[in-house]
Structures are given as C-alpha cells and as structure tokens.
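Scroll down for the structure; my scribbles are underneath it.
Read the figures in this text as sums done on the coordinates, not as results from a lab. None of the values given here were measured: they were computed from a predicted structure. When we count neighbours, we look across all protein chains shown, and the Cβ atoms used for this are built from the backbone with ideal geometry, even at glycine.
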Amino acid sequence: MSKRILILGAGESGVGSAKLALNLGYTPFVSDAGAGKAGFIAELDQAGIEYEVGGHNPGVWPSAKEGLTVVKSPGIPDTASVVEELRAEGAEIISEIEFASRNYSGKVVAITGTNGKTTTTKLIYKMLADAGLNVRYVGNIGVSWARDLSECNEEPEVVVVEISSFQLDGTSTFKPDVAVLLNITPDHLDRYGYSLDNYAQSKWRITANQTSDDYLVYNSDDEVINELIESKGTKAQLMPVSTEQKISSDSIGAGISAENDKEFSIHTHNTKPFTMTIQELALQGKHNLFNSMAAGVTGRILELRNEGIRESLTNFEGIEHRLEYVADVNSIRFINDSKATNVNSVWYALECMDRPVVWIVGGIDKGNDYRDLLPLVKDKVKHMICLGKDNKKLIETFTKHVETVHTAESAEEAVRIGYDLGMPNDLVLLSPACASFDLFGSYEERGNKFKQAVRGL
C-alpha cells in the first residue's frame, strides 16, 4: 500500500503538491474549506486525485497516527484549528516548498525578503538562463515548485525559488545552496501577532539548515538582518551587499566602488572583481540597484562569467505589476504598482516618482503603520484615492497632508477619478500598500483591471 498524504488547500501549491505526490507513488487526498477554483478542481478530477471542498471532514482523512504527512497551503495559518488538531495527533505538517525540496537533487537558489523578491528572482533566473543552464524559477512567483517538478521532463540543474515567510514557516530540512535575504520591514504582521520579531524569525529560516558550503547573500544596510546575524548566527558563508557603503579591495560582497561612487563592485573568493556603472543597469532606482547587486553576487558565487552578468543586468525587462508603465493619456502618466502590498514597497515607489502624484491606495490592511510614508506623501502626492471597502485608517493618516481625498470601490472608478484630478505632467500611481482581497481575487487581478480601465479612457 502506498503512503497516504493529506494536502490542505486546493490552490496552486496544493494541487501542485498533489500531482507531485501522485507521481511519487503516494495516494494524495486534498481538503479545502472553501469552494475551490474551477480550474484547480478540474485538474484534480483529470488526475483522479481524491478531494473534498466546502469544509474539512477529518472522518474521511487518513489517520495522523499512521505517520501522516500533511502539506499545508501557505494561506492557512499555523493557528488554524485543523492544523493544531492534526499536529496534536502526531502528523508532520510541512509546506509545499519543503515537500518539493525533499524530491529535488540539483542546486537551489532561494530568495526571500519583504520587498524585491520577484525582481531579484527573475534577474537571477535570467543570468543563469542566458549562461545556458537548465534553470527554472518557481515558488511565490507563480508556479509552485511541486507542480514544476511533477510536470518537467528533466530535472533542472538549478531552481531559483521565491519564498514568502508563510512558505518558510513550513520548512524543516529545506537547505538552499545560495540564500538571498533582501530586507526585513513590517509586513503580514497580522499573521505574526503584530510582532516584527516573529516575522523576522520566519524570514531567518531560509538559512537555518545551511552549512559552511553554502552562501547567505544579505542586505548589510538592514538593521533587522544585522541583528539576526548577531543573535542567531548562521553556518553559511556571509556575502554582504550594501548600497550605502563603499567596498574595499580586500572585502567580500558587493558595495559602491571605492574609486567611483557611480559604480558598484562585486568581490567573491578567488575571482576577478566585477565592476559596473549604475547607469548601465536596466532597472534604475536605489531599491533596484540593491536587487541587481544581490543578483550579481549570486551569479559570481555560481561562477558565471562577468561579461554574462553584465549583459543580463543591462538587458533585463521589469516585471508586470511592479512600477509598470501603462500609458500616457493627455500627458497624464499611469503606473501600475499593484504588487506593492506593503508600506515599504510603496515607499520605494514614491521615492522613484519625479512628477506630481495622484495616488491610488488601499485594500485589506495587514497591520500597516503608514506614518513612515508621511514625508514622501507630503512632498510628492497631490491627491489620494482610497480603493477599498475600509479606508478609515488611510484617511486618518493622510487627509491633512494631501490636497484632496477620494474613495472608490472599483478600479474603473479609481482610474476615472485619477484622470479627472490629474493635470498635464501629473502621474497616477496605483501603489496600494494593502492586500487586494476585499475587491479583487489577487494583486494581479487588481493590476489588470487598472490597466484595462486606463486603456479604456
């Protein structure tokens, strides 16, 4: 008899895990408290995988006392009653990332952080692909790692994994060859007891199982990360990256060139230093400088040629829904930054703006402290449009610091108000600082509806 495995959640990670489990000779059972999306349910039906939707019925599950493994969707908190009951019965509860990693033998590059994960993941992927390696990108970026393993004909040489804190919470043996920790700022605090320390501890799990053969590429300008290195430590080789500090010839890591503050340099062990002008980078802005440097360090660790790294960083195209140019309509520019679901992402977005801003913000608050945005809002934002069902906190924070405040309950309404308020050379920026799920199914849906509305003006 094949080993049974229970999968909680019939979304991307759950269905991917079920398909991988089936390929490995398990008998998976999928349980979802919601109705389940039609496309995912159709996949389960087609594969002949047993499932239930509309509630959890432990009576039809395999017993946890039989050494049951449970793969939990990252959207289900550890405090959920169904999770606590299974754990009390002796079940092993893991994430899809943990499950996939146990069934992969190649090199792993893992990227986490509050902001910049997707951009850095795609930068690293591009470098490796441009170098001719058999490489895949998976995880929080879209396609689950488990699904990718279940569907690919040949195991890739390298997998580049974007990992959220929720996914890291369910890991126990996961060990990346190169871990990239970009930054840690308040996000998802509602999930972590409104404690930044709890959230930071989750992020630090990315290096928990690393050894002296592995590398931790990290933001040495980030105080929270530096405190974790001091208090928790890691066995991995440290590769600091700084956009604030100059790097000396005998240092390891990346920083601003000692000879020229318009260049950055990357130094790794026993290799020729890599130097590039900041202006050459395809992605501009301080946050993108850091993402590019972190990607470059990773490329050098994996022994990519300097020329190849330079070409990839020069030719990279930005990601959808992150500071994405949409259109100019009667000299008013529209920018889609729907992926900015926390305060720090919005800070970076506003910091980059060189025109007066009509700011579309709002959604489901995640325990945000919006006060960090006040200096930038005062300096750059003319009008604020709150897109969401509950705008009280946003209005209380910013109403005294902008010319006007408006509310909208659809992307179309928000775009129309923004267009009416905008003047030639103004910029309408969708950068919500919040989750999308009050009005939209995802930040992608929110961004797509924004773009459709702009193109319909």
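A few remarks follow.
- Near Leu439: Cβ cut-off under 13 Å, other residues only, Lys/Arg at +1 and Asp/Glu at -1. The net charge is -3.
- Each Cα pair under 8 Å and six or more residues apart adds its separation to the average, and for region 104-315 the resulting relative contact order is 20 percent.
- Only helices reaching 20 angstrom along their own axis (Cα) with mean Kyte-Doolittle hydropathy no lower than -0.5 count here, and for the DSSP H runs of the chain these are 286-301.
- For region 125-169 and region 197-216, distance of Cα centres in Å: 19
- Around the Cα centre of region 207-341, unit charges on the Cβ atoms of Lys, Arg, Asp and Glu (plus for the first two, minus for the last two) sum to a dipole of about 140 debye.
- Over the chain, dividing the summed -39,500 (n - 2.57) contributions of all DSSP H runs of at least 4 residues by the number of residues returns a 222 nm mean residue ellipticity of -9500 deg cm²/dmol.
- The ranking of Val454, Val60 by Cβ neighbour count inside 10 Å, starting from the fewest, reads Val60, Val454.
- With contacts taken as Cα pairs under 8 Å at a separation of at least 6 residues, region 207-366 carries a relative contact order of 13 percent.
- Relative contact order (%) - the chain, alpha-carbon pairs under 8 angstrom, separation at least six: 11
- The magnitude of the dipole of region 317-457, with charges of +1 and -1 set on the Cβ of Lys/Arg and Asp/Glu and taken from the Cα centre, is near 180 debye.
- Think of each Lys and Arg Cβ as +1 and each Asp and Glu Cβ as -1; about the Cα centre, that makes the dipole of the chain roughly 220 debye.
- Comparing Ser150, His188, Val160 along the charge dipole axis of region 149-212, the residue lying farthest to the positive side is His188, per the Cβ-charge model.
- Whether region 74-201 is rounded, prolate or oblate, judged on the alpha carbon gyration tensor where a/c under 1.5 counts as rounded: oblate
- Three-way shape call for region 324-455 based on the alpha-carbon gyration tensor, with the a/c threshold at 1.5: rounded
- Cα gyration tensor shape of region 104-315, rounded if a/c is under 1.5, else prolate or oblate by comparing a/b with b/c: oblate
- Residue-normalised convex hull volume from the C-alpha trace of the chain: 153 Å³ per residue.
- Cα extents of region 4-93 along the three principal axes, largest first (Å): 33, 27, 22
- Debye intensity ratio in log₁₀ form over the Cα atoms of region 242-382, taken at each q of 0.10, 0.11 Å⁻¹: -0.44, -0.52
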